[in-house]
Amino acid sequence: MFRVGIIGCGNIYRMHAVTLSTMENVKIVAVCDNKEDRAKDAAQKYGCKYYTDYKEMIQKEDLDVIHICTPHYLHPEMAIETARNGINILTEKPMSIKLEDAEAMIKAAKDNHVVLGVIFQNRYNPGSKLIKQTLQSGKLGKLISGRALVAWSRSDEYYSKSDWKGTWEKEGGGVIIDQAIHTLDLLRWFVDDEIEYVDANISNRAHEIVEVEDSAEGVIKYKNGVLTGFNAINYYGYDAPVEIELYCENGVAQMTGHHALIKFNDFTEISADRNPNEGEHYGNGYKRYWGSGHKEQIKQYYAALENKAPLDVTGDEAVKTQRMICAIYDSGKSNKRIYFNKER
C-alpha cells in the first residue's frame, strides 16, 4: 500500500485525488495547502490529515509518494525537498520555470533513488495514442512537417483572481507555459527527435494587468529535418479546440480537441475520440481540455513504482519539453534563434 500526500488543493488536485481514491494499492494519508480552508475541505473529503506547511507534512507522515499540484515556481523547491527525504514524486506540469531548476529536480531524484514523474496527461487521450501508434507503426511513412494552433480565453479578470498567474517570477510566462504547453508537448512527442533550433516571437497584445505573453508564434526545427510551426493566443472569445496537423509521406494526421482523424493517401481513414462522459466523476469545475488522461497516467506511474512497467513520462523525458518551452522564451525575449547543442 502506497502512502500518499498531495501538496496543493486547488483546481487540478481533484484530478489526482479522485483517481487515487479509486486505487486499491494507494491510501491518501495527508493533503497540504497554504490556504487552510482548502486543505481542511480536502482532508474532510478524503478522510485524511491536513497541513498548511508541506515540510511539516513530510516530517510527520511516513509517505511513499507526494503529488505536487502547486503554482509553477514552487515545483522545483518542493520536488527537491521531497526527494531529499526519500519520497517519490509526481508533479504537475511544467517541471519548473527555469531549465536549470528542472535539471536540479532530476539530479535530486537520481541522487536519492526516488522516482520522478511529470504529468502530461494529454498523451494518454485516445486520439493522441492513435496518432503516436500510427506514426510508430510506419504506416504514415516519413513525417515531413507539422503545425499546432491554440486559441483560448484568459481574461484580465481571470488573472486578477490569482496571486501568481500572469507573472514571470511565479508563473514563468503566459500562454506558452500555461495553456499551450500540452499541445507543444504532444507535437514534440509525435515528432520524437532532437530539436535543432527554436525561433519564436512573443508579445502581450490584449491584456492590461499582466506582464507575460498572451500571444506567441514560431518554428521548431528538428535534427531529422522536420519543421513544425505553432501559434498560440489566450485572448480568444472561448477555449477553442486545439489543433494539430502532421503532414506525412503516406497521409495526414489531424487532431481537433481530443478527436484524431488520420487520412491516408489511399483514401482510407481511422479515427479516435475520448469518452464524452469521462470527466463526469471529477465533479463541478472539470474542464474538458484537461482530457481524460490523468487517471491513466497516474495508474501508469504506480505500475512503474511496482516495477510492472517502465515509467512513461520520466523527468528525463519531461525535461525535453521544458527545454523547448524555455527556448521559446529565450528566443522571444532576445529576438534570436536558439540553437540546441549536440548534447541536448
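Each reported figure results from applying straightforward, stated rules to the coordinates on display, with no laboratory input. Here the structure is a predicted model, which is why all the values come from computation and not from measurement. Methodologically, a virtual Cβ is constructed for each residue, glycine included, from the backbone with ideal geometry; neighbour enumeration extends over all protein chains shown.
Observations on the structure shown:
- When exposed loop sites are taken as GluC sites (Glu not before Pro) in a DSSP loop with at most 16 other Cβ atoms within 10 Å, the longest stretch of the chain clear of them is 25-168.
- Within the chain, the longest segment free of exposed loop sites, counting chymotrypsin sites (Phe, Trp or Tyr not before Pro) that fall outside DSSP classes H, G, I, E and B and have at most 11 other Cβ atoms within 10 Å, spans 1-237.
- Only Cα pairs under 8 Å and 6+ residues apart enter the sum, and on that basis the relative contact order of the chain stands at 19 percent.
- Over the chain: Kirkwood hydrodynamic radius from C-alpha pairwise inverse distances, Å: 20.7
- Sparsely packed loop sites in segment 91-160 (the trypsin sites (Lys or Arg not before Pro) outside DSSP H, G, I, E and B with at most 15 other Cβ atoms within 10 Å) comprise Lys98, Lys139, Lys142.
- Segment 202-238: trypsin sites (Lys or Arg not before Pro) in DSSP loop, at most 11 other beta carbons within 10 Å: Arg205
- By the count of neighbouring beta-carbon atoms within 10 Å, fewest first, Ile6, Ile28 end up ordered Ile28, Ile6.
- Taking other Cβ atoms within 10 Å as a rough exposure proxy, Cys69, Cys32 sort from fewest to most as Cys69, Cys32.
- This ranking places Thr167, Thr268, Thr256 by how few other beta-carbon atoms lie within 10 Å of each, fewest first, which gives Thr268, Thr256, Thr167.
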